[in-house]
Amino acid sequence: MPITPANITLHASSRVLEIQYDDGQAFRLPFEFLRVFSPSAEVRGHGPGQETLQVGKKDVTITELHPVGHYAVQPNFSDGHTSGIYSWDYLYELGVNQERMWAEYLAALDAAGASREAGAPGNAAFASSPGKSCGHH
């Protein structure tokens, strides 16, 4: 039986998406975390190793949240990102693995010399290639 949310609340002031599932699990997913781990091809690429490190997303907000059928939501982020469709299963996976995924993200930022702050030094190299080619190397 698929896992479905019983309740979803956007907390604009604290920038958190609160999601409660019908199995009793509940997660508070920060907007920045959701943006950084967007399931879109723009962020994840088209296969392993093609991910694009997201930088400068600390202050991102969700401006709108659209339902997608009965299986997902599609947030509009304040930085213009709108292509991520977050299935109930993916949101659940993010909630369960949030601590580990966030630690890995912070380590990747550190290794790249990049920052969560918008416009921070070190972010320019990543920000300049949003339309990265999906060609083979």
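Annotations
- Sole residue being within 30 Å of A112 (Cα to Cα) and free of Cβ contacts under 8 Å to residues at least 40 places away in the same chain, chosen from G69, G56, G49: G49
- Residues (modelled with pLDDT of 90 or more and not in a helix (DSSP H, G or I)) located in the range 100-137: G113, A114, S115, R116, E117
- Restricting attention to the range 11-41, the residues that are buried (at least 17 other Cβ atoms within 10 Å of the Cβ) and aliphatic (A, V, I, L, M) total 6.
- Residues of the range 13-26 satisfying the condition of being touching a helix residue (DSSP H, G or I) at 6+ places or on another chain (Cβ under 9 Å) and within 18 Å of P67 (Cβ to Cβ): L17, I19, Y21
The values are calculated or read from the model by the stated rules, or taken from the named source; none is laboratory data. Please read all numbers here as calculations on a predicted model, not as lab measurements. Note that we place each Cβ from the backbone using ideal geometry, even for glycine, and neighbour counts take in every protein chain shown.
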